[in-house]
Amino acid sequence: MNDPRCHRVDRFQSRREFLLRAGGGFGAVALAGMLQAGSGSAAGVTNHRARARRVIFLFMEGGPSHLDLFDPKPELNRLAGKPMPASYPRPITSMGEANSPLLACRRTWGQHGQSGLWLSDWLPHTAQCADDLCVLRSCWADGINHSSGICQMNTGSILAGRPSLGAWVNYGLGTENGNLPAFVVLQDSNATVVNGVRNWGSGFMPATYQGVPFASGPVPIANLSRGEGVSPERHDARLEQLARLNRAHAGPRAQQTELEARIRAYELAGRMQAEAPEAVDIERETPATRRLYGIGQPETESMGRLCLLARRLVERDVRFVQIYHGSGNRWDAHSGIEKNHAELCRSQDQPVAALLTDLKSRGLLDDTLVIWGGEFGRTPMSEKGDGRDHNPTGFSVWMAGGGVRGGQAIGQTDDLGLHAVEDRIHVHDLHATILWLLGLDHSALVYRHQGRPERPTLNEGEIVRRVAG
């Protein structure tokens, strides 16, 4: 009866509220991301051969333009300045400019690697990793605005209240390192990510499965040190006394599972004090490695630090790391897409390519799945003369590592890049494929909520098996 999958949702709610009120400092970090240390999977073992053990999800917040990055469309340039052909279904846009003239792509395109994969000149470093990339060119989603789109790409639903993909992975596979959170969230600035914690929350599951945000900058986790003037002996004595008091209080109250949850959270906090400072200290890396990631260059410093930190975390068996690039919706280029995307591409291109290169050189890319994408793409029609609107009906996401066969593009959009038309890949299909690569069957990964069997893909989704060749 102590299996959390058997409890009612009202108990989850009280537990979640309890944890949110329970403390501050690094204790709050632990309470947000407490782990079942050494307990393995919360939902049982995987049911087929896993190709990946861990995930790094590079989330481009705001919607990058597939038309200017991964999906060349000569017909778009041929018809630039003209209205959308009458033969095309009328698009649903966020700003109501469906009848605006088509906007040319000003990029120079090239084929890269032995595979000849097409990428634009905005991504020269990523292009060097072309043979590791599997570009899914026919993705589509249901959310037309950022809130619903980001929510769906993270949770499978355009509506709030469901667990994030990282929470499902945490629930399904458990932790491989009981001294660090299993699910860590990073962002490239302190700007507010649309939806905030909803994107990495645990929804109706216990808070133990939600993501733990680390701060941007040189100190990702605050309050991990013992404190000035506190000796190791005194610190250990404090922890031992706290443990005795907690156990004494919890002993006669075995039915109050929140107490056990809180005790385990503080125990994780103590373990994090020992391991987390070293894990997040990128200054331990060689100067050559830091240069590889673009650390020390103003344009790439922030993303370079996050990508290097992500590598250090997965190297220590953190299960799921999500990086938000363009925090605050900066990829949302309704106008001035040339300046907007040029700056954002420069800030992430070298760090992302460095991440792939570094993982590969250390033998980590084989079982680390790297995902790159946003909540949707952009329209072929212009907005405000020099921008592009939201486009959830056709866009690109790429994967690398983790058993993925690189050097291939899967699916197609139409000649103007508006609609996915061949091998269409919905967000549910994308999530099903990610879980499959991790060894989990999305239809068999079940959490019972108020007596109802809930699944990560809302009982939908097909695995895109071509990603693995």
Radius 14 Å from Cβ of Asp281, net charge of other residues (Lys, Arg +1; Asp, Glu -1): +1
The lysines whose Cα lies under 24 Å from the Cα of Lys82, excluding any fewer than 8 residues away in the same chain, are Lys73, Lys339, Lys384
Computed for region 387-469: size of charge dipole around the Cα centre, +1 on C-beta of each Lys and Arg, -1 on C-beta of each Asp and Glu, debye to nearest 20, value 340 debye
Please list 235-246, 271-282 highest first by mean number of surrounding beta-carbon atoms within 10 Å per residue. 271-282, 235-246
For region 279-360, the dipole about the Cα centre with charges only on Cβ (Lys and Arg +1, Asp and Glu -1), to the nearest 20 debye, works out at 180 debye
Enumerate the amide H contacts of Leu119 below 5 Å, restricted to partners 5 or more residues apart or on another chain; note that Pro and chain-start residues carry no placed amide H. Gly110, His112
If Lys and Arg each add +1 and Asp and Glu each add -1, what is the summed charge of the other residues whose beta carbon sits under 13 Å from the beta carbon of Cys151? -1
Give, as a single signed number, the net charge of other residues whose beta carbon lies under 14 Å from the beta carbon of Glu338, with Lys and Arg counted +1 and Asp and Glu -1. +2
Förster radius 25 Å - calculated FRET efficiency between Ser361 and Glu278, Cβ distance, rounded to 0.05: 0.75
Using alpha-carbon positions, what is the distance between the centroids of region 168-182 and region 269-308, in Å? 22 Å
Region 328-469 - charge dipole about Cα centre, Lys and Arg +1 at Cβ, Asp and Glu -1, debye rounded to 20: 360 debye
Contour excess over end-to-end distance, with Cα ends at Thr108 and His235 and 0.36 nm allotted per residue: 39.8 nm
Efficiency of FRET from Cβ geometry, Gln297 and Glu176, R₀ 30 Å, rounded to 0.05: 0.35
For Lys360, which aspartates and glutamates qualify as cross-link partners when the Cα separation must be under 19 Å and same-chain residues fewer than eight apart are set aside? Asp131, Asp132, Glu285, Glu315, Asp317, Asp349
Please compute the modelled spin-label separation between Ala250 and Ala342, points set 7 Å along Cα→Cβ, answer in nm with one decimal. 5.8 nm
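All of the numbers you see were taken from the coordinates with simple rules; none came from a lab. Please read all numbers here as calculations on a predicted model, not as lab measurements. Heads up, the Cβs are rebuilt from the backbone with ideal geometry, glycines too, and the neighbour counts pull from every protein chain shown.
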